[in-house]
1. Taking the stated definitions as given, is residue 52 assigned to a helix (DSSP H, G or I) and in contact with a helix residue (DSSP H, G or I) (Cβ under 8 Å, 6 or more places away or on another chain)?
2. Taking segment 89-111, which residues are in contact with a strand residue (DSSP E or B) (Cβ under 9 Å, 6 or more places away or on another chain), within 16 Å of residue 16 (Cβ to Cβ) and not in a loop (DSSP other than H, G, I, E, B)?
3. For residue 47, which of the numbered conditions (1) in contact with a helix residue (DSSP H, G or I) (Cβ under 8 Å, 6 or more places away or on another chain); (2) within 22 Å of residue 117 (Cβ to Cβ); (3) assigned to a loop (DSSP other than H, G, I, E, B) fails to hold?
4. Could you please find all residues in segment 4-44 being part of a loop (DSSP other than H, G, I, E, B) and either modelled with pLDDT of 95 or more or in contact with a helix residue (DSSP H, G or I) (Cβ under 7 Å, 6 or more places away or on another chain) (or both)?
5. Going by the conditions given, is residue 114 assigned to a strand (DSSP E or B) and either under 19 Å from residue 11 (Cα atoms) or at pLDDT 95 or above (or both)?
């Protein structure tokens, strides 16, 4: 086992003021989850699972989807009536998070995105096969 500063990056996007039609588009959410892993060098191990959600609160209607990747997961939760979508990308290896941010903001046409990059698993023991160059040098010191 090798100790590294952290296990992996966790990108979260809170996209507000989105195109409402995009938030209602079941096929779009499926396509994002189906294609994004390849675009950022990840490995899908399941097909995307996407569901229409009709909650107890009518304005919480939306689409929820996720895909399990070998590196961890990607999830999307839309809120159609609130023009909002929450997206998480967690991985045990570095990925082009700048591409992912721009790609997702553009697809949902968010006018006011909030983006957070977290580093998870500080001092998590990693196998030597997964260790290598330091992860995401631009994030040094981010907690």
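The values are calculated or read from the model by the stated rules, or taken from the named source; none is laboratory data. None of the values given here were measured: they were computed from a predicted structure. Neighbour counts are summed over all protein chains in view; Cβ atoms, including those assigned to glycine, are modelled from backbone coordinates with ideal geometry.
1. On the way: assigned to a helix (DSSP H, G or I): no; in contact with a helix residue (DSSP H, G or I) (Cβ under 8 Å, 6 or more places away or on another chain): yes.
No: the conditions fail for residue 52.
2. The answer is 101, 104, 105, 108.
3. So residue 47 meets the others, but not (2).
4. So in segment 4-44, the residues part of a loop (DSSP other than H, G, I, E, B) come out as 4-7, 17-19, 24-25, 40-43.
Result: 17, 18, 19, 24, 25, 40, 43.
5. On the way: assigned to a strand (DSSP E or B): yes; either under 19 Å from residue 11 (Cα atoms) or at pLDDT 95 or above (or both): yes.
For residue 114, the condition - assigned to a strand (DSSP E or B) and either under 19 Å from residue 11 (Cα atoms) or at pLDDT 95 or above (or both) - is met.
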